Amino acid sequence: MESGGTTDVVKTINYGGGHLVLILEEFKVESTGDAYMQICRSYEGLCGDAKNESLLKFGNPTFLLCILGPYLMVCGAVKRENVHVEPLTPFLPMFPGFGTEGRLMQLTHCLRALKEGTDKLREFWYLASCCDVASGLT
């Protein structure tokens, strides 16, 4: 891993005897390196370790947070045959006094949408586990 950065699993749920990652975070204190590319590689490695048939069947959807100094970008990721990662937001400043109130509202809406999206993802996996139990996959 490049110096000045860490990748952390932020939010998980139990599923099929293992853990599913709902949010993965890449945090870089300095502006060296590329938080977006690093988190893409981390997600790809996480998916490479997945042995659960349901993870492979449903694509292991995950939110990725790229934090580069005082900026935040949220991405969505899914793995089918290949890993697909798409930015859902631009880099948003997270420090006060730099910009207008509109930027603070952008960040507020982004974090609210992330929470709602995580809740929906948790609900999706709950329904998927019910389907797996019914079909005998778990």
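The values are calculated or read from the model by the stated rules, or taken from the named source; none is laboratory data. Treat the numbers as computed from the prediction; the structure is a model and nothing was measured. Don't worry about glycine lacking a Cβ; one is built from the backbone with ideal geometry, like all the others, and counts go over all protein chains shown. These accessible areas exclude ligands, DNA and RNA; they are computed on the full protein's heavy atoms, side chains included. Shrake-Rupley method; radii C 1.70, N 1.55, O 1.52, S 1.80 Å.
Below, the figures for the structure above:
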quantity	calculated
Largest to smallest accessible area among Arg41, Arg122, Arg80 [probe 1.4 Å]	Arg80, Arg41, Arg122
Karplus-derived 3J(HN,Hα), 6.51/-1.76/1.60, for each residue of the stretch 80-86, Hz, glycine and proline x	10, 6, 10, 7, 10, 10, 10
Spacing of the two label points (7 Å from each Cα toward its C-beta) at Glu44 and Glu86, in nm	1.9
Set of lysines with alpha-carbon distance to Lys57 below 26 Å, sequence-local pairs under 8 removed	Lys11, Lys79, Lys115, Lys120
